[in-house]
Every structure is written in structure tokens, then in C-alpha cells.
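Asker: Structure incoming, see below.
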Amino acid sequence: MKSRELETVRGSGNIFRDLAHKNADAEQFKAIIAAEIIKTLDRDNLTVRAAHQLTGIAAADFSRIRNADLGRFTVDRLMSTLNRLGARVEVKVRVRRVERSPARSARRRLA
């Protein structure tokens, strides 16, 4: 087996941005909330059926969250789910300007 040297790249802290997803920030936020839901289920030893009984939210939805199948969920729906499990969500928003490449800025001026 040949030994190759691997390149190490520092991530941005958002895997979805690193993989060039279109809505990377929203996907990251959804993943964080889903992780908190899973932590709550695990901490309280709740099965998906028990979580359904407690919250009225479909057991299938809890299964989707556990499997990181978040495509059907909005941020507010995930926050509502976490609220129904007895948690409150506090959000801090920090907006940073994105550095634009010179070629992109030139195209914008020409348009």
C-alpha cells in the first residue's frame, strides 16, 4: 500500500459552508437544534414513542431528527419541538461581512 501525505485543512466551523451548501448557516443552525433535541431525548431516556406521547409531535418526526434527516424541518419547527420537550432556546446573532473576491466585485460593477 502506498503512503500518501494528506493535506490538513482548517474548517470554518460550519461543515455545510465547507461543503459549499447553498443555505449553510440555516443548515448549521438546524443541526445544532436537532442535536439539542437528541440530547434531551437521551438525557430523559425518551423513546420516539414516549416523546410523541409527551409532546404530541409524531414519533416519525423524532426518528427523522435522530437520523439527521432534517430536510422537512424549518428552524422554527425544530425550536418548537425543543420547547415542547421543556427547553427554551436563546439565540445570539453575529453578522459578519463576507470578503468578496476581486473578480466577483468587478462583475457586480459591470452589471
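The values are calculated or read from the model by the stated rules, or taken from the named source; none is laboratory data. Owing to the predicted nature of the structure, the values given are computational and were not obtained by experimental measurement. Neighbour counts are summed over all protein chains in view; Cβ atoms, including those assigned to glycine, are modelled from backbone coordinates with ideal geometry. Note: areas computed on protein heavy atoms with side chains; ligands, DNA, RNA excluded. Shrake-Rupley method; radii C 1.70, N 1.55, O 1.52, S 1.80 Å.
Asker: Within region 81-111, can you find the residues that are among the basic types (K, R) and modelled with pLDDT of 75 or more?
Answerer: Of region 81-111, the ones among the basic types (K, R) are 84, 88, 92, 94, 96-97, 100, 104, 107-109.
If the condition is that a residue be among the basic types (K, R) and modelled with pLDDT of 75 or more, then R84, R88, K92, R94, R96, R97 are the ones that fit.
Asker: Now, a different point. Output the number of residues of region 38-48 satisfying the condition of being of a type in the set (S, T, N, Q) and open to solvent by 40 Å² or more (accessible area, probe 1.4 Å).
Answerer: So the first thing to find is which residues in region 38-48 are of a type in the set (S, T, N, Q), and the list is 40, 45, 47.
Retained after the next criterion (residues that are open to solvent by 40 Å² or more (accessible area, probe 1.4 Å)): 45, 47.
Counting residues in region 38-48 that are of a type in the set (S, T, N, Q) and open to solvent by 40 Å² or more (accessible area, probe 1.4 Å) gives 2.
Asker: State all residues of region 65-80 that are in contact with a helix residue (DSSP H, G or I) (Cβ under 9 Å, 6 or more places away or on another chain) and within 24 Å of K22 (Cβ to Cβ); if no residue qualifies, say none. Working first, answer last.
Answerer: Narrowing region 65-80 to residues in contact with a helix residue (DSSP H, G or I) (Cβ under 9 Å, 6 or more places away or on another chain): 65-66, 68-75, 77-79.
Selection gives I65, A68, D69, L70, G71, R72, F73, T74, V75, R77, L78, M79.
Asker: Just give me the residues in region 13-37 being touching a Phe, Trp or Tyr at 6+ places or on another chain (Cβ under 9 Å) and either surrounded by 12 or more Cβ atoms within 10 Å (Cβ to Cβ) or closer than 18 Å to R88 by Cα (or both), in sequence order.
Answerer: Once the filter is applied, which keeps residues that are touching a Phe, Trp or Tyr at 6+ places or on another chain (Cβ under 9 Å) and either surrounded by 12 or more Cβ atoms within 10 Å (Cβ to Cβ) or closer than 18 Å to R88 by Cα (or both), region 13-37 yields A24, A26, E27, Q28, K30, A31, I33, A34, I37.
Asker: Right, another one. Kindly provide the set of residues from region 54-76 that are closer than 14 Å to G86 by Cβ and surrounded by fewer than 17 Cβ atoms within 10 Å (Cβ to Cβ), ordered by number.
Answerer: As a first pass, look at region 54-76 and keep what is closer than 14 Å to G86 by Cβ: 54-57.
Selection gives L54, G56.
Asker: Hey, another quick one. Looking at region 15-59, which of its residues are free of Cβ contacts under 8 Å to residues at least 40 places away in the same chain and under 9 Å from the mean Cα position of the chain (by Cα)?
Answerer: F16, A24, D25, Q28, A31, I32, A35
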